[in-house]
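Just passing along the structure, written as structure tokens.
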Amino acid sequence: MTILIAGAGIGGLTAALSLERLGIEATVFESARTIEPLGVGINILPHAARELLALGLKDDLDRIAVRTRSMKYFTRRGKLAISVPCGEYAGYLWPQYSVHRGELQLLLLDTFRRRAGAHRVVAGHQLAGFRQDSDSITASFIDPSSKQPVAEVTGDLLIGADGLHSATRKVLYPGEGAAVYAGMVCFRGALKAAPFLDGESMVICGDNRLRLVSYPISGVLQRNGGSHINWIAVVPFDTDKRQEEDWGKLTEPDNLVELYRDWRFDWLDVPGIISATEQIFEFPIYDRDPLQQWTFDRVTLLGDAAHPLIPVSSSGAVHAIIDGRALAYALARQRDPVAGLKAFEADRLPKANRVVLASRENGPDEVLEIVRNECPDDAENIHDHVSEASLQSVIDAFKARSGFAVDTLNNSPSYAP
């Protein structure tokens, strides 16, 4: 079996590594001429972490990432609403990691090149289309700059892991139209600074009017007593201010500092870290309405190409990783590769669609809206007005709906054939 994968992101590379481990030949085609460590921080929740550990990446992850101890929800005045343990601290059999997205991508890339051969990653090849028959599928690639044809490659299957603006998806759904704007823009940055709180926790502060998420992402600095602090400022913007996504679009800190000028807490100086950040990236948030079909004979979608998500509870990278593992698992269990793609879709599509819809409903971050609505703005003790148990139930419900409640996950098999 020969698999063609369009896209060298986290989902595509996880799929490639998982296929290689099973002895299935996979080649990854990436539109960028040079694969660079784009993005800032992401979280790898336990149901994705266990799949990466099954690929033999434990030592590498423990080297570059931080094992997240807890997620702490604070009001915009810096009052703690609830602290939720993470990973092994919550009773999971696997850790939760906070890591630089680009470092994780390069780890997956380098590991795949080492195991499968450097020739199995082909850069500068943008998918333009494909044709298939009963025996094979042929993908056409163009140069991303000149748009001139560069190659036609034939294989048994094509996996579209080419992101929110997937060329694969456009062929399958030519009339789908634009992605759905979520009405918010994320401003993202990172800086090296002294750790805050225990140096191992993720904080979500504010509410839907204005929010800040921050956590450490460097295991190397953590071991040396420092911290690489990742932060995301989530700011609502009207739909008429929507813009195209661009991982490299930079913005100035002045307006952000003004928005967060009062967010100076004894555990974190928000305007201070924004001002001290050298590069701040501006990224509007989109998703797409759930599909009822990903697989069309010898081609299927994976990751953001299949189910782009609003970034609630770090679900995007998590479900791309799980997709990649589930794809290899399904193909290993089916003699017919087309039947394998159908089995993959039957397993993953309903689960991913539930997460898309749950994320649109604010996911676990809804606890901050509950606190906002039920507590006076100057409340000293949040739990005088809303019980910790009621907030915990919101978080537990999201985990259950997304398939990673502690007992459920600990007692279910991984995607290791």
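The values are calculated or read from the model by the stated rules, or taken from the named source; none is laboratory data. On a predicted model such as this, the values are computed, not experimentally measured, just so you know. Just the protein is used for accessible areas: all its heavy atoms, side chains included, with ligands, DNA and RNA removed. Shrake-Rupley method; radii C 1.70, N 1.55, O 1.52, S 1.80 Å.
Given a 1.4 Å probe and every protein chain left where it sits, what share in percent of the accessible area of the range 127-264 is carbon and sulfur?
Values: 3270 of 6600 Å².
Using a 1.4 Å probe with all protein chains present, the range 127-264 comes out at 49 percent carbon and sulfur.
Give the accessible surface of the chain per residue, rounded to a whole number of Å², with probe radius 1.4 Å and ligands, DNA and RNA excluded. Could the numbers behind the result be given before it?
Working: 17140 Å² over 417 residues.
Heavy-atom SASA per residue in the chain reads 41 Å².
So what is the calculated 222 nm ellipticity per residue for the chain, using -39500 (n - 2.57) for each DSSP H run with n of 4 or more, over all residues, to the nearest 500 deg cm²/dmol? Show your work: numbers first, answer last.
On the way: 13 runs with 139 residues, N = 417.
Computed ellipticity for the chain at 222 nm equals -10000 deg cm²/dmol.
Given a cut-off of under 8 Å on Cα pairs at least six residues apart, what relative contact order in percent is computed for the range 142-288? Working shown, then result.
Values: 219 pairs, mean separation 40.9, N = 147.
Rounded, it is 28 percent for the range 142-288.
Test of understanding: express the Cα radius of gyration of the range 58-163 as a ratio to 2.2 N^0.38 Å, with N the residue count. Write out the running numbers ahead of the final one.
Details: Rg = 21.3 Å, N = 106, 2.2 N^0.38 = 12.9 Å.
Rounded to two decimals, the normalised Rg is 1.64.
Could you give me the radius of gyration and the Dmax of the chain, taking only the C-alpha atoms into account and expressing both in angstrom?
21.3, 68
While we're here: Determine the principal axes of the Cα atoms in the range 67-127, then give the extent along each, sorted from largest to smallest and rounded to whole angstroms.
The Cα atoms of the range 67-127 stretch 52, 29, 18 Å along the principal axes, largest first.
What's the center-to-center distance, using Cα atoms, between the range 191-241 and the range 83-151 in Å?
Taking the Cα centre of the range 83-151 as reference, the centre of the range 191-241 is 26 Å away.
Please arrange ARG298, ARG33, ARG115 by accessible surface area, largest first, computed with a 1.4 Å probe and ligands excluded. Could you put the intermediate results ahead of the total?
Numbers: ARG298 20, ARG33 135, ARG115 75 Å².
Per-residue accessible area, sorted high to low, gives ARG33, ARG115, ARG298.
Can you list the lysines whose alpha carbon is less than 27 Å from that of LYS192, not counting same-chain residues fewer than 8 positions off?
Result set, ordered by chain and number: LYS58, LYS72, LYS79, LYS249.
Averaging over all projection directions, find the projected area of the Cα convex hull of the range 347-388 and quote it in nm² with one decimal place.
On the way: hull surface 14.6 nm².
Convex hull of Cα atoms, orientation-averaged projection: 3.6 nm².
Please state the relative contact order of the range 93-149 as a whole percent: Cα pairs under 8 Å, 6+ residues apart? Write out the running numbers ahead of the final one.
Details: 38 pairs, mean separation 11.5, N = 57.
Computed over the range 93-149, the figure is 20 percent.
Under the Karplus relation 6.51 cos²θ - 1.76 cosθ + 1.60, θ = phi - 60°, what is the ordered set of whole-Hz ³J(HN,Hα) values for the range 98-114, x standing for Gly and Pro?
For the range 98-114, the Karplus curve yields 10, 8, 5, 4, x, 5, 5, 4, 5, 4, 4, 5, 5, 5, 5, 4, 5 Hz.
Express the C-alpha Rg of the range 266-417 as a ratio against the empirical globular expectation 2.2 N^0.38 Å, rounded to two decimals.
On the way: Rg = 19.7 Å, N = 152, 2.2 N^0.38 = 14.8 Å.
The value comes to 1.33.
Mind listing the long-range amide H neighbours of VAL122? Cut-off is under 5 Å, sequence gap 5 or more, other chains count too, H placed in the peptide plane at 1.01 Å from N.
VAL28, PHE29, GLU30
Which whole-number percentage describes the relative contact order of the range 37-171, with Cα contacts under 8 Å and a sequence gap of 6 or more?
Reported relative contact order: 19 percent.
What is the projected area of the convex hull of the Cα atoms of the range 160-211, averaged over all directions, in nm²?
So the mean shadow area of the Cα hull is 6.3 nm².
Sticking with this structure for a sec: Put HIS47, HIS385 in order of accessible area, largest first, 1.4 Å probe: what do you get? Walk me through the intermediate numbers first.
Numbers: HIS47 10, HIS385 85 Å².
Heavy-atom accessible area, descending, gives HIS385, HIS47.
Can I ask one more? In the range 317-383, what percent of the accessible surface is made up of carbon and sulfur (1.4 Å probe, ligands and nucleic acids excluded)? Please list the in-between numbers first.
On the way: 1220 of 2740 Å².
Reported share for carbon and sulfur atoms: 45 percent.
Which lysines, on any chain, are close to LYS342 with Cα under 30 Å apart, when same-chain ones fewer than 8 places away are left out?
LYS170, LYS351, LYS399
While we're here: Tell me which residues come under 5 Å, amide H to amide H, from PHE237 once H is placed; ignore anything under 5 positions away on its chain.
It is MET184, VAL185, by chain and number.
Would you pull out the residues with amide H under 5 Å of VAL299's amide H, same chain only if 5 or more places away, H placed 1.01 Å from N?
Distant-sequence amide H within range of VAL299: LEU158.
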